[in-house]
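What follows is a short report on a single structure.
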Amino acid sequence: MTNWDDFRLVLALARTGGIRQAGAALGVNHATVSRRLADLTRRMGGAVFERISGRYQVTAVGAPVLEAAIRMEAACLEGERRLRAVSPDMAGPVTVSLPDAIARVVLLEELTAFAQANPDISLTLKCSYAYADLDRSDADIVIRGASAPDEHLVGRRLFPYALGHYCARDYFDQVAPPDRRWLVRRTPAQWIERSPCPEAPVGYVIDDIDMLHEAAARGQGMIRGACYIAESDERLIRIPGSKVEPWEDLWVLTHPDLRDAPRIKAVMGLVTEALMRSRALIERGETDRCRG
């Protein structure tokens, strides 16, 4: 086999397990995947995949091809990272993956000013709570709460972010104790037993962090949320008796292949300093605003 497209096909089908899904990953239709798989099977002299329980799984014939494809992909990704890192100047692309709330509450003004002051750097923010794989170049820098990130990544552990219990300012005045409800990201939520209102049941589940805080701000229920988000919303108050508790550590990380690129170092330094200036808010939920 000398065609890289064959290896890409094997990778996509092994990872997705389906013809249509592999086609979507490759940017082609399912008929093209089926045709290319049939052609590869003919050239290999045996089935590269077999369908088991509705999912395509690699066979003994296809296993060496898959192993080679994984190695080739890793080499290509490493080459791309090294090419992005060779520029000695403050120029080139920088993609930062970070939670939407961190960008909105803490970093937006600093990153905007940085982009204006460095027009030769093409800055992209991927605002998501989803995992960004630095090995696959999903991003150049990640800002994440994590207990133990991948050991080969480089960067800095800052401090833990805090969680607290919150509700709308008039929630306790307008909602009688028997009618109060918790809004949660997932169930079960054992933390309710240790909350200021352990008797209140779960009203419903909201898996999006920002929507969870918005629902609480609109008086839909009580939440346990990140202090830096809730304390920045004048509509929310900390529930009386709520104890702020540390959660996961906040990290600023990059791939070792990119660590010495001037533009990567500059952005990492910028976001690290900005986060450190907001440490009291993020780590302890401390603000100057008066609480009701």
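The values are calculated or read from the model by the stated rules, or taken from the named source; none is laboratory data. None of these values were measured; they are calculated from a predicted model. Because the Cβ atoms are built from the backbone with ideal geometry, glycine has one as well, and the counts that use them run over all protein chains shown. What goes into the accessible areas is simple: the full protein's heavy atoms, side chains included, and nothing from ligands, DNA or RNA. Shrake-Rupley method; radii C 1.70, N 1.55, O 1.52, S 1.80 Å.
Side notes on the structure shown:
- Among residues of the range 170-199, those that are in a helix (DSSP H, G or I) and closer than 16 Å to residue 216 by Cβ, counted: 7
- Within the range 126-135, the presence of at least one residue that is over 19 Å from residue 257 (Cα atoms), under 18 Å from the mean Cα position of the chain (by Cα) and polar (S, T, N, Q) is confirmed.
- Residue ID - modelled with the lowest pLDDT, chosen from residues in the range 250-292 that are acidic (Asp, Glu) and surrounded by 17 or more Cβ atoms within 10 Å (Cβ to Cβ): 257
- Within the range 107-129, residues that are loosely packed, with under 11 Cβ neighbours inside 10 Å reach partners that are outside any helix (DSSP H, G or I) with beta carbons closer than 8 Å, at six or more positions or on different chains, in the pairs 120/89; 120/90; 120/91; 120/92.
- Total residues in the range 24-65 satisfying the condition of being in a loop (DSSP other than H, G, I, E, B), open to solvent by 50 Å² or more (accessible area, probe 1.4 Å) and in contact with a Gly (Cβ under 6 Å, 6 or more places away or on another chain): the figure is 2.
- The range 196-209 residues that are at positive phi, paired with ones that are at pLDDT 95 or above and among the hydroxyl-bearing types (Ser, Thr, Tyr) (beta carbon under 8 Å, 6 or more apart): none
- Against the criterion of being of a type outside the set (Gly, Ala, Ser), within 30 Å of residue 230 (Cβ to Cβ) and assigned to a strand (DSSP E or B), residue 96 qualifies.
- Residues in the range 161-204 that are aromatic (Phe, Trp, Tyr) and within 30 Å of residue 251 (Cβ to Cβ) were compared, and the one that is surrounded by the most Cβ atoms within 10 Å (Cβ to Cβ) is 166.
- Of all residues in the range 228-249, those satisfying the criterion of being open to solvent by less than 60 Å² (accessible area, probe 1.4 Å), within 25 Å of residue 148 (Cα to Cα) and touching a strand residue (DSSP E or B) at 6+ places or on another chain (Cβ under 7 Å) are 228, 244, 245, 249.
- If you go through the range 1-23 and pick out every residue that is open to solvent by 70 Å² or more (accessible area, probe 1.4 Å), part of a helix (DSSP H, G or I) and not polar (S, T, N, Q), you end up with 4.
- Filtered by the rule that a residue be of a type in the set (D, E, K, R) and over 14 Å from residue 11 (Cα atoms), the range 31-54 gives 35, 39, 42, 43, 50, 51.
- Test result for residue 203, part of a strand (DSSP E or B) and either modelled with pLDDT of 95 or more or in contact with a helix residue (DSSP H, G or I) (Cβ under 6 Å, 6 or more places away or on another chain) (or both): yes
To keep it simple, each residue is scored yes or no on (1) part of a loop (DSSP other than H, G, I, E, B); (2) closer than 21 Å to residue 92 by Cβ; (3) of a type in the set (Gly, Ala, Ser); (4) touching a strand residue (DSSP E or B) at 6+ places or on another chain (Cβ under 8 Å).
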position: 116; (1), (2), (3), (4): no, yes, no, no
position: 132; (1), (2), (3), (4): yes, yes, yes, yes
position: 150; (1), (2), (3), (4): yes, no, no, no
position: 156; (1), (2), (3), (4): no, no, no, yes
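- In the range 205-227, the qualifying residues are those that are over 12 Å from residue 166 (Cβ atoms) and under 24 Å from the mean Cα position of the chain (by Cα), and the one that is surrounded by the fewest Cβ atoms within 10 Å (Cβ to Cβ) is 207.
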